[in-house]
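Everything below concerns the one structure shown next.
The values are calculated or read from the model by the stated rules, or taken from the named source; none is laboratory data. Just so we're clear, the structure is a prediction, and the values are computed from it rather than from any experiment. Ideal geometry is used to build each Cβ from the backbone, glycine not excepted, and the neighbour counts take in all protein chains shown.
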Amino acid sequence: MKLRFYILVLTGSLLTACNMSQQKQMENNSDSTGASNRYYSRSDTGKITVSNQEWDKILSKEVYNIARGKGTEMAFSGKFNDHKEVGTYYCAVCGNPLFNSNGKFESNCGWPSFFEPINKGSIIYAPDNSHGMQRTEVMCGRCNSHLGHVFEDGPPPTGLRYCINSVVLDFAKASKAAKSYADSVGKK
Ligand SMILES: [Zn+2]
């Protein structure tokens with residue numbers, strides 16, 4: 001009888017420990033990619049070099065195809081195309097902050113569009129001559145993942161249009177204080 005009691009206690013504590021570690025892992029990886037992604041960080045700005053082979057194991061197929069396979073989501077299909085909340089857009093692959101909602105505008109092109117990145121280093125550029133077009137590819141400055149393209153038909157002050165796939169973006173709402181500040185600035 002005593003032995004049985006000990007077994008029950010032991011099993012119970014093992015289960016608790018298991019649940020706790022699972023919960024901790026979820027907190028560390030609160031990204032849209034779902035699977036455990038140890039490279040994901042919204043505060044670490046250090047560049048990371050990870051092979052496509054490894055990304056393939058970490059990312060969802062949808063994210064992998066665009067971020068690593070340089071694919072494009074269908075126009076008007078993305079969750080952030082019509083998104084108007086105040087906050088920050090992050091790289092869905094690595095968590096790097098990419099755009100502020102106040103740099104977003106309605107381009108009606110079918111993809112979320114921004115006229116400026118959150119800072120110069122957040123994005124890197126490369127010429128893209130695929131599909132018979134001369135375009136400039138836009139990649140995440142931290143993990144080199146493909147995000148979309150930048151065109152020179154955007155609104156002032158930059159005249160640029162960063163045309164970005166929703167799939168490779170994560171979004172976090174601004175805190176209440178920051179939101180009311182943004183609203184008051186917008187009204188002036
Ligand atoms: Zn990234």
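A compact table of results
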{"quantity": "Residue match in the stretch 115-123 (condition: among the aromatic types (Phe, Trp, Tyr) and more than 15 Å from Ser101 (Cβ to Cβ))", "calculated": "no"}
{"quantity": "The stretch 130-159 - residue that is within 16 Å of the ligand (Cβ to nearest atom) and of a type in the set (S, T, N, Q) and, of those, surrounded by the fewest Cβ atoms within 10 Å (Cβ to Cβ)", "calculated": "Asn144"}
{"quantity": "Residues of the stretch 56-69 that turn out to be touching a strand residue (DSSP E or B) at 6+ places or on another chain (Cβ under 9 Å) and either part of a helix (DSSP H, G or I) or under 16 Å from Pro112 (Cα atoms) (or both), as a count", "calculated": "2"}
{"quantity": "Within the stretch 82-129, considering residues that are touching a residue at least 40 places away in the same chain (Cβ under 8 Å), away from the ligand (no atom under 16 Å from the Cβ) and polar (S, T, N, Q), the one surrounded by the fewest Cβ atoms within 10 Å (Cβ to Cβ)", "calculated": "Asn102"}
{"quantity": "Residue check for Thr72: in contact with a helix residue (DSSP H, G or I) (Cβ under 8 Å, 6 or more places away or on another chain), away from the ligand (no atom under 16 Å from the Cβ) and either at pLDDT 95 or above or not in a loop (DSSP other than H, G, I, E, B) (or both)", "calculated": "yes"}
{"quantity": "Subset tally (residues that are among the aromatic types (Phe, Trp, Tyr) and within 17 Å of the chain's Cα centre (by Cα)) for the stretch 122-138", "calculated": "0"}
